[in-house]
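Okay, so here's the structure we're looking at.
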Amino acid sequence: MKIESKLAQIGNRQDPRTGAVSAPIYHSTTYAHPALGQSTGFDYTRTLNPTRKILEDAIAELEGGVRGFAFSSGMAAVHAVFSLFCPGDHVIVSSDLYGGTYRVLEHIFRPLGIEATYVHTGHLDEVEAALRETTRALFIETPTNPTMQITDIAAVSLFARRRGLLTIVDNTFMTPYFQRPIELGADIVVHSATKFLGGHNDVLAGLVVAKSDEIAERLYFVQNSIGAVLGPQDAWLLMRGMKTLAIRMERSAMNASAIAAWLDARDDVVKVYYPGLDTHPGKAVCAKQASGFGSMVSFEVLDARMVPFVLEHLHLVTFAESLGGVETLITYPTRQTHADIPEDIREKVGVTDRLLRLSVGIEHIGDLIDDLSQALDYAAEQVLSRRR
Ligand SMILES: *Cc1c(COP(=O)(O)O)cnc(C)c1O
């Protein structure tokens, strides 16, 4: 079955007793045992919940792994993955990284003795230079957040496998609809399902998929021991969103591609980061490993003083954190998502005070461009007149 069909069918025919087409929500925290030493397979909801299991099986199948795990947030999922490591272990991580992942690595795991080095994981020489005796894994985002750097997942996975390291990919931006890292050699995929998988800015969730039974066993132990599992109601809401992932991703990526080209042609926009642009250095690798370029577009305006005017003057596009929903959102990474990353690291990867990031939704492209156009025109006018 193709992925569109798998997505639309999530949860269907999972309850033979009733024939429910929409997955039933099992709120029960505990499950009766038929007899001593017997179980229906369900004992206690942290350990296994029937609704959560339907979601976990679905994401495992979509990503091509052996087992999936649902967590109460993307950060809980990231935390679970790094909980596989021990004091003294070292990981190599994409430098242009989701701010929360940087924060958990630096402020939760580093004090526990698990260290991270940040490099452009698309450059294998940089990865090689960061290797230590104690390196256990590579953790990559591709495209990165927010400057859309691309890492060749197959190349990095091969590099890692030869050295006995795990490859972990945060696939939040692309989703399995566009990119399936496990098929390219990665060992673990992690998602903030709050974003594109949920798709409607109404559910907080994280997902992890393991490529092998051995990794799955360890992840399951962490999930059950720490207990940051996704509740059954939210598991259902997430599946409800995932059913339409294919058509949402197609439409929002089409809109993003048009907006990126339109921004690129403006002279008050000095730089556009979108992997689908011919000028993007990662375009070929992205095209090789993903079936679309996604719907995240970052751009740098000419003058940082334009930023507040742009943000205040948008009517359709909403100035709000997060991404991946049907509504187009704009964020100011330096103050919002990346505020926890020190300024020197931020500037080095291009997260400047002139950078804005769009999560393009599924609205009509004409309305989106009209809105961006009037806000940018207004901002340019204001800043220009102040200069005079
Ligand atoms: C949002 C996000 C996270 C964290 O997920 P939450 O669901 O907000 O906890 C991790 N990685 C990326 C790339 C994200 O965009």
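The values are calculated or read from the model by the stated rules, or taken from the named source; none is laboratory data. All of these numbers come straight from a predicted model, not from anything done at the bench. When we count neighbours, we look across all protein chains shown, and the Cβ atoms used for this are built from the backbone with ideal geometry, even at glycine. To get the accessible areas, we keep the full protein, side chains included, count just its heavy atoms, and leave off ligands, DNA and RNA. Shrake-Rupley method; radii C 1.70, N 1.55, O 1.52, S 1.80 Å.
Couple of notes before you dig in:
- In the chain, the longest principal axis of the Cα atoms and the axis of helix 245-264 are about 20 degrees apart.
- Listed residue (ILE59, LEU48, PHE82) projecting farthest to the positive dipole end of region 3-242, Cβ model: LEU48
- Portion, in percent, of the accessible area of region 13-56 that falls on carbon or sulfur, probe 1.4 Å: 56
- Within the chain, antiparallel bridges make up roughly 55 percent of the DSSP beta bridges whose residues both belong there.
- Theoretical ellipticity at 222 nm over the chain - DSSP helices of four or more residues, -39500 (n - 2.57) apiece, nearest 500: -11000 deg cm²/dmol
- Test item: Cα-centred dipole of region 221-286, Lys/Arg +1 and Asp/Glu -1 on Cβ, debye: 260
- Relative to the longest principal axis of the Cα atoms of the chain, the long axis of helix 365-387 makes an angle of roughly 50 degrees.
- Here's the picture: charge each Lys and Arg Cβ at +1 and each Asp and Glu Cβ at -1 in the chain, and of THR151, ILE140, LEU207 the one pushed furthest to the positive end of that dipole is LEU207.
- Cα gyration tensor, region 3-242 - rounded (a/c under 1.5), prolate or oblate: prolate
- The alpha-carbon of LYS53 sits under 22 angstrom from the alpha-carbons of these lysines, leaving out residues fewer than 8 places away in its chain: LYS2, LYS6, LYS195, LYS211, LYS243.
- Taking Cα atoms only, the orientation of helix 213-226 departs from the longest principal axis of the chain by about 90 degrees.
- Cross-link reach list, lysines versus LYS283, counting only Cα pairs under 22 Å and skipping chain neighbours closer than eight places: LYS271, LYS348
- Residue among LEU48, LEU376, LEU245 with the largest mean-square fluctuation in a Gaussian network model of the chain, springs linking Cα atoms under 10 Å: LEU48
- Spin-label model distance (nm) - ALA284 vs SER212, 7 Å beyond Cα toward Cβ: 3.2
- Evaluated with a Cβ-only charge set (Lys, Arg +1; Asp, Glu -1), the chain carries a dipole of roughly 720 debye about its Cα centre, given to the nearest 20.
- Peptide ranges 159-172, 304-317 listed from the most packed, as the mean C-beta count within 10 angstrom indicates: 159-172, 304-317
- Cα shape, region 163-235, gyration tensor, a/c 1.5 rule: oblate
- Among ALA258, ALA77, ALA35, residue whose mean-square fluctuation peaks in a GNM of the chain (springs only between Cα atoms under 10 Å): ALA35
- Comparing mean-square fluctuations of ARG17, ARG136, ARG46 from a GNM of the chain with C-alpha springs under 10 Å, the top value falls on ARG17.
- Furthest towards positive pole of dipole, TRP262, VAL272, ALA320, structure part region 245-387, Cβ charges: VAL272
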